[in-house]
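Visitor: One structure coming up, written as structure tokens, with questions to follow.
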Amino acid sequence: MTGGNQFQSPLAADAQAIALAADALAQGHLVAFPTETVYGLGADALSTKAVGRVFFVKGRPPDHPLIVHVASSQAAEALAREWPESAQILARAFWPGPLTLVVRRSPRVPDSVTGGQDTVGLRVPAHPVALALLQAFARVGSGAVAAPSANVFGALSPTRALDVTQGLKARLGPEDLVLDGGPCSVGLESTIVDCTVSPVRILRPGGVPRQAIARLLALAPEDSVAERESRPRVSGSHESHYAPRTPLLVLDHEALWARVHAELARNPQIKLYAWVFRLLPEHGSLLSQGLAPRDPQAYGQALYARLHDWDSKGFDALFLESPPNEPEWEAVRDRLRRAAYGGDTRLSPNAM
């Protein structure tokens with residue numbers, strides 16, 4: 001690990017800072033930067049050495065591929081061996097935006113970026129700081145930035161510069177930079193679509209809803225277990241992912257209330273927090289309460305920042321009321337399922 005006490009504080013993402021960051025990328029250093037989804041930890045995607053530092057800093061498994069960010073559809077096509085019509089249709093409709101397209105990769109893209117696969121995930125982000133950085137890097141370097149979320153592998157994704165520095169400052173070096181572009185507007189990672197098959201298939205729900213894609217293209221039906229094992233590996237596909245340090249349980253309203261009762265009966269001193277759609281009865285100081293937004297976009301935008309904040313408060317467990325089982329909540333439900341994986345066992349293994 002590099003010395004965290006030498007790491008620079010985040011830079012306000014003005015023109016000078018963006019130019020410095022582009023130069024840092026060209027020299028093989030890492031730059032954390034905002035996108036509309038989450039903050040990414042960027043490296044020159046065509047430099048095997050720079051990409052290797054991303055994996056080292058994050059503690060990311062080497063077979064877990066990275067998404068490559070570029071400033072335009074033309075730049076994306078230059079990194080693809082094939083550019084199917086489906087990719088063209090989706091890029092025209094949703095780029096810049098929270099959509100990653102998986103296509104056959106060009107030989108220019110290193111194995112380290114793709115986890116040794118023949119495919120690569122490409123995206124044109126919509127955040128003005130991200131686009132300005134990619135455009136500046138295209139003038140002094142490759143213009144292609146491999147950028148997973150700027151956090152330790154499997155942990156909560158950052159949607160604020162503060163979240164990046166709190167999670168990675170002990171792992172970044174003095175030449176690495178963090179650009180502060182404010183809070184992310186979407187707050188959940190991009191939708192990933194496999195364009196190497198027809199009909200296309202969604203590999204990860206995200207910022208572009210399934211319904212919006214289905215209006216343009218036919219979608220493959222839900223994969224069988226065997227088919228899931230054969231499809232391309234993509235970011236954020238582990239069962240346990242996006243997880244806070246504090247045990248997290250996601251339950252419907254009645255089950256949540258019953259479980260809170262059970263935990264308080266088992267240990268009256270336990271410190272719990274619940275984020276719900278309907279307020280729970282008062283339980284003194286033992287249970288903090290909050291009302292979650294009923295709009296999926298507002299919920300998704302707030303989710304990671306809320307979890308980061310609650311994770312720092314010393315709660316023994318976090319309880320979230322299950323969102324509606326409706327199509328527009330798909331990405332939120334996916335992230336909560338992965339974030340809560342194993343949370344029950346971590347809280348009270350003998351309770352169930």
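The values are calculated or read from the model by the stated rules, or taken from the named source; none is laboratory data. Source: prediction; values computed, not measured. Cβ atoms come from the backbone with ideal geometry, glycine included; neighbour counts cover every protein chain shown.
Visitor: Right, Phe33: over 20 Å from the mean Cα position of the chain (by Cα) and aromatic (Phe, Trp, Tyr) or not? If you could, list the steps in order and put the result at the bottom.
Guide: On the way: over 20 Å from the mean Cα position of the chain (by Cα): no; aromatic (Phe, Trp, Tyr): yes.
In short, no.
Visitor: Scan the range 287-315 residue by residue and report those that are surrounded by 17 or more Cβ atoms within 10 Å (Cβ to Cβ) and over 22 Å from the mean Cα position of the chain (by Cα).
Guide: Within the range 287-315, Leu287, Phe315 meet the criteria.
Visitor: Here are some conditions: (1) closer than 25 Å to Gly314 by Cα; (2) modelled with pLDDT of 95 or more. His261 meets all but one. Which one does it not meet?
Guide: Of (1) closer than 25 Å to Gly314 by Cα; (2) modelled with pLDDT of 95 or more, only one is false for His261: (2).
Visitor: Taking the condition of being closer than 14 Å to Leu133 by Cβ and not aromatic (Phe, Trp, Tyr), how many residues in the range 22-50 meet it? Spell out how you get there, then give the answer.
Guide: So the first thing to find is which residues in the range 22-50 are closer than 14 Å to Leu133 by Cβ, and the list is 22-26, 29-36, 39-45.
Adding the requirement that they be not aromatic (Phe, Trp, Tyr) leaves 22-26, 29-32, 34-36, 40-45.
Within the range 22-50, residues that are closer than 14 Å to Leu133 by Cβ and not aromatic (Phe, Trp, Tyr) number 18.
Visitor: One residue is enough: does the range 323-332 have a residue meeting the conditions in a helix (DSSP H, G or I), free of Cβ contacts under 8 Å to residues at least 40 places away in the same chain, surrounded by fewer than 21 Cβ atoms within 10 Å (Cβ to Cβ) and not aromatic (Phe, Trp, Tyr)?
Guide: No.
Visitor: Something else about it: Among the numbered criteria (1) modelled with pLDDT under 90; (2) under 28 Å from Tyr39 (Cα atoms); (3) of a type in the set (Lys, Arg), which single criterion is violated by Arg266?
Guide: For Arg266, the exception is condition (2).
Visitor: A further question follows. Among (1) free of Cβ contacts under 8 Å to residues at least 40 places away in the same chain; (2) under 30 Å from Gln166 (Cβ atoms), there is one condition Ala243 misses while meeting the rest; what is its number?
Guide: The number of the failed condition is (1).
Visitor: If you take the residues of the range 143-188 that are of a type in the set (Asp, Glu) and out of contact with any Phe, Trp or Tyr (no Cβ under 8 Å at 6 or more places or on another chain), which of them is modelled with the highest pLDDT?
Guide: Asp180
Visitor: Within the range 269-286, how many residues are in a strand (DSSP E or B) and either surrounded by 13 or more Cβ atoms within 10 Å (Cβ to Cβ) or in contact (Cβ under 8 Å) with a residue 12 or more places away in the chain (or both)?
Guide: 6
Visitor: Give the range 118-155 a look and list any residue that's more than 17 Å from the chain's Cα centre (by Cα) and of a type outside the set (A, V, I, L, M, F, W, C), or say none.
Guide: Asp118, Thr119, Pro128, Gln135, Arg139, Gly141, Ser142, Gly143
Visitor: For Leu320, work out the one condition from (1) modelled with pLDDT of 95 or more; (2) among the aliphatic types (A, V, I, L, M); (3) farther than 19 Å from Leu264 by Cβ it doesn't fulfil.
Guide: (3)
Visitor: I'd like to check something: does the range 72-92 contain any residue that is under 28 Å from Ala243 (Cβ atoms) and at pLDDT 95 or above?
Guide: No - not one qualifying residue is present in the range 72-92.
Visitor: Could you grab the pairs with beta carbons closer than 9 Å, sequence gap of 6+ or different chains, first residue in the range 22-39 and in contact (Cβ under 8 Å) with a residue 40 or more places away in the chain, second one in a helix (DSSP H, G or I) and basic (Lys, Arg)?
Guide: From residues that are in contact (Cβ under 8 Å) with a residue 40 or more places away in the chain, the pairs are Ala22/Arg139; His29/Arg53; Leu30/Arg53.
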